[in-house]
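S.K.: The structure follows.
The values are calculated or read from the model by the stated rules, or taken from the named source; none is laboratory data. On a predicted model such as this, the values are computed, not experimentally measured, just so you know. Cβ sites come from the backbone with ideal geometry, for glycine too, and all protein chains shown count toward neighbours.
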Amino acid sequence: MKFVQDDIQERWWTLEAKLVERFGKKPDLDAVLFLIGIQETGMVTDNITKEQKQDLMHVAICTILTPSGYYVLDHYDEDRWPHFNQLKALPDMHIMEQENFLKDHILFYFEQQEF
């Protein structure tokens, strides 16, 4: 199990380095989810509310967990925001397991985007 975590951590550091190169600062997990949400919705504005930020992060989580069968894209609304249906419950995990679970899915997302 430690090998898998080490592999995720090394791949995460590589992604962080690419994001630092692109944006000029090191993002935390929430910032990466926020970026994915922006990528998926195309929402670009200077004035993002706290609620919009949460919505963007929710879109990101649904998006990254779709390939594993946790969510499926249902439709896009009139503002071109994606809406998802949850297909199965997320596994019950401790906080560090949750973080690695999300990081692994984020890394897969960026590989699919060829980033």
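S.K.: In region 83-101, what count of residues is obtained for those that are assigned to a strand (DSSP E or B) and either farther than 25 Å from MET43 by Cβ or polar (S, T, N, Q) (or both)?
M.R.: Matching residues across region 83-101 total 2.
S.K.: In region 58-69, what residues are hydrophobic (A, V, I, L, M, F, W, C) and either surrounded by fewer than 16 Cβ atoms within 10 Å (Cβ to Cβ) or over 15 Å from HIS83 (Cβ atoms) (or both)?
M.R.: ILE64
A quick yes/no check of all residues on (1) at pLDDT 95 or above; (2) over 17 Å from the mean Cα position of the chain (by Cα):
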position	(1), (2)
ILE8	no, no
ILE36	yes, no
GLY42	no, no
TYR71	yes, no
ASP74	yes, yes
HIS105	yes, no
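S.K.: What is the one condition in (1) touching a strand residue (DSSP E or B) at 6+ places or on another chain (Cβ under 6 Å); (2) in a loop (DSSP other than H, G, I, E, B); (3) charged (D, E, K, R) that ARG80 does not satisfy?
M.R.: Failed condition: (1).
S.K.: Consider PHE101 carefully, then state whether it is in contact (Cβ under 8 Å) with a residue 40 or more places away in the chain, hydrophobic (A, V, I, L, M, F, W, C) and within 20 Å of GLU10 (Cα to Cα).
M.R.: Judged against the criteria, PHE101 is not a match.
S.K.: Among what's in region 76-103 and is charged (D, E, K, R) and surrounded by fewer than 18 Cβ atoms within 10 Å (Cβ to Cβ), pick the residue that is nearest to the chain's Cα centre (by Cα).
M.R.: GLU99
S.K.: Applying the selection to region 29-52, what residues are surrounded by 10 or more Cβ atoms within 10 Å (Cβ to Cβ) and either more than 24 Å from LEU73 (Cα to Cα) or among the small types (Gly, Ala, Ser) (or both)?
M.R.: ALA31, GLY37
S.K.: If I ask for residues that are exposed (fewer than 14 other Cβ atoms within 10 Å of the Cβ) and among the charged types (D, E, K, R), which ones from region 2-28 would you list?
M.R.: LYS2, ASP6, ASP7, GLU10, LYS18, GLU21, ARG22, LYS25, LYS26, ASP28
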